[in-house]
Amino acid sequence: MDNVALFVDVQNIYYTTRQIHKCNFDYNQFWRTATQGRNVVKAVAYAIERGDTKQREFQNILRGIGFEVKLKPFIQRADGSAKGDWDVGITIDAMEYAELADTIVFATGDGDFDLLASKLVDKGKEVEVYGVQELTSVSLIKAASKYVPVQGDLLLR
């Protein structure tokens with residue numbers, strides 16, 4: 001049985017799905033699709049902690065599906081801009097768990113992960129990327145072994 005590790009960039013998936021499809025990403029369907037016939041060695045959803053009840057409920061849903069939820073505080077800068085990405089954390093975890101997995105699955109459209117995807121493929125790993133087609137980096141799609149557009153049954157309507 002193929003070993004799989006899943007890494008979800010929650011902010012990227014949330015905002016890109018809302019922007020293009022005007023609805024939410026179906027994490028249950030994603031889990032079923034990405035893990036079908038596979039042994040899950042790691043599954044992490046990376047999110048920003050804002051401290052509200054609705055967000056905590058969502059994080060508990062993710063845990064119930066099988067994800068470990070890693071949180072980083074939301075940082076509001078004096079100039080009004082915000083900070084809170086997980087790129088380095090996702091990269092470190094993906095490289096670490098790649099030793100245990102045959103397939104690495106990313107749910108993100110962020111082109112910053114194209115080098116990571118290429119490196120994992122070079123190491124003999126299958127890399128699958130799930131992202132909203134209109135907002136997924138072309139370089140990330142090309143770097144992956146397989147690209148799955150977020151559409152159809154991956155959407156909650």
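The values are calculated or read from the model by the stated rules, or taken from the named source; none is laboratory data. These figures come from a predicted structure and were not determined experimentally. When we count neighbours, we look across all protein chains shown, and the Cβ atoms used for this are built from the backbone with ideal geometry, even at glycine. For the accessible areas, the whole protein counts, side chains as well, though only heavy atoms, and no ligand, DNA or RNA atoms are used. Shrake-Rupley method; radii C 1.70, N 1.55, O 1.52, S 1.80 Å.
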Filtering segment 95-108 for residues that are part of a loop (DSSP other than H, G, I, E, B), more than 12 Å from the chain's Cα centre (by Cα) and buried (at least 18 other Cβ atoms within 10 Å of the Cβ) leaves a count of 2
Identify, by number, the condition in (1) acidic (Asp, Glu); (2) touching a helix residue (DSSP H, G or I) at 6+ places or on another chain (Cβ under 6 Å); (3) outside any helix (DSSP H, G or I) that ASP85 doesn't meet. (2)
VAL4 meets each of (1) open to solvent by 60 Å² or more (accessible area, probe 1.4 Å); (2) under 14 Å from the mean Cα position of the chain (by Cα); (3) over 24 Å from LEU135 (Cα atoms); (4) of a type outside the set (Asp, Glu) with one exception, condition (1)
Filter result for VAL44 (crowded, with 18+ Cβ neighbours inside 10 Å and assigned to a strand (DSSP E or B)): yes
What pairs can you find where one residue is in segment 134-157 and β-branched (Val, Ile, Thr), the other is part of a strand (DSSP E or B) and open to solvent by 20 Å² or more (accessible area, probe 1.4 Å), and their Cβ atoms are less than 9 Å apart, with a gap of 6+ or different chains? THR136/TYR147; THR136/PRO149; ILE141/TYR147
Return the residues of segment 109-121 that are more than 14 Å from the chain's Cα centre (by Cα) and surrounded by 15 or more Cβ atoms within 10 Å (Cβ to Cβ); say none if nothing qualifies. SER118, LYS119, LEU120, VAL121
Looking only at residues that are under 16 Å from the mean Cα position of the chain (by Cα) and open to solvent by 30 Å² or more (accessible area, probe 1.4 Å) in segment 146-157, which one is nearest to ASP122 (Cα to Cα)? LYS146
Name the single residue, out of those in segment 122-142 being at negative phi and assigned to a loop (DSSP other than H, G, I, E, B), that is farthest from the chain's Cα centre (by Cα). LYS123
Filter segment 137-157 for residues that are in contact with a strand residue (DSSP E or B) (Cβ under 9 Å, 6 or more places away or on another chain) and among the β-branched types (Val, Ile, Thr) and give the result. ILE141, VAL148, VAL150
